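Structure first, then comments.
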Amino acid sequence: MTDETLAQAAAAGNTAALDALLTRFKPLVKSKAAPYFLSGGDRDDLIQEGMIGLYKAVLDYDPAKNPIFAAFAALCINRQILTAVKTAARHKHAPLNASLALEEADHAPARHTPESLLISRESSNDIANFLREGLSTLEHNVLMLHMEGLSQAQITQTLGKTAKAVDNALQRARNKVRALHTNSFAK
């Protein structure tokens with residue numbers, strides 16, 4: 001069977017077709033993962049990410065848009081691996097960035113005092129109110145779906161909007177949230 005036929009069968013729920021594709025494309029996944037380093041992970045983690053990308057390719061494959069499954073799968077595998085590498089790199093220095101200098105440690109407020117919890121809750125309420133009132137309905141919906149982890153293509157499909165409308169709404173929402181963040185720290 002061709003890759004395209006297997007992909008369509010796998011997307012329809014044929015587990016034998018899915019297994020055949022996963023086996024057939026595992027060498028490609030390994031070759032795509034080989035040149036990368038995953039901070040806090042190992043080579044098997046990168047291969048697993050690549051396999052997730054392959055699985056997503058099976059689910060998202062549309063022969064009308066991508067007539068050659070192998071090319072589409074390679075793109076999805078590469079994107080998934082790169083996303084994992086970038087995400088791991090962003091969090092690499094988180095413990096250092098979150099720590100306090102030794103001389104500041106004695107003056108640091110307790111982390112979970114009733115006052116700090118109340119302030120945190122009030123801040124959360126302020127942010128939620130801003131998101132409801134400061135963003136348009138489209139901006140709010142797009143931002144919420146984006147924060148849930150949906151891609152822009154998935155948001156476009158979910159909301160029935162054009163890709164450009166979703167992209168513009170997300171950019172406007174980000175700018176408004178960035179302005180709120182900047183203004184709250186300027187006070």
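Which ³J(HN,Hα) values in Hz, rounded to whole numbers, follow from the phi angles of the stretch 135-152 under the Karplus curve 6.51 cos²θ - 1.76 cosθ + 1.60, where θ = phi - 60° and Gly and Pro get x?
10, 5, 4, 5, 4, 4, 4, 4, 5, 5, 5, 5, 5, 6, x, 6, 6, 5
Between LYS164 and ASP45, how high is the FRET efficiency from 1/(1 + (r/R0)^6) when r is the Cβ-Cβ distance and R₀ = 25 Å? Nearest 0.05.
0.10
Past 27 Å, Cα to Cα: identify those pairs from LYS30/LYS161; LYS56/LYS86; LYS30/LYS86; LYS65/LYS176, in the order given.
LYS30/LYS161; LYS65/LYS176
Write down Rg/Rh for the stretch 3-90, rounded to two decimals, with Rg from the C-alpha atoms and Rh from the Kirkwood relation over Cα pairs.
Rg divided by Rh gives 1.00.
Set the Förster radius R0 to 45 Å, insert the Cβ-Cβ distance between SER136 and GLU115 as r into 1/(1 + (r/R0)^6), and round the FRET efficiency to 0.05.
FRET efficiency, SER136 to GLU115: 0.80.
Measure off 7 Å from each Cα along the Cα-to-Cβ vector at LYS86 and SER151, then give the distance between these two points in nanometres to one decimal.
Simple spin-label model gives 1.3 nm for this pair.
Give me the number: length gained by fully extending ALA64 to LEU22, i.e. 0.36 nm times residue separation minus the C-alpha to C-alpha distance, one decimal in nm.
12.9 nm
Coordinate-derived values only; no laboratory data. Just so we're clear, the structure is a prediction, and the values are computed from it rather than from any experiment. We place every Cβ from the backbone using ideal geometry, glycine too, and count neighbours over all the protein chains shown.
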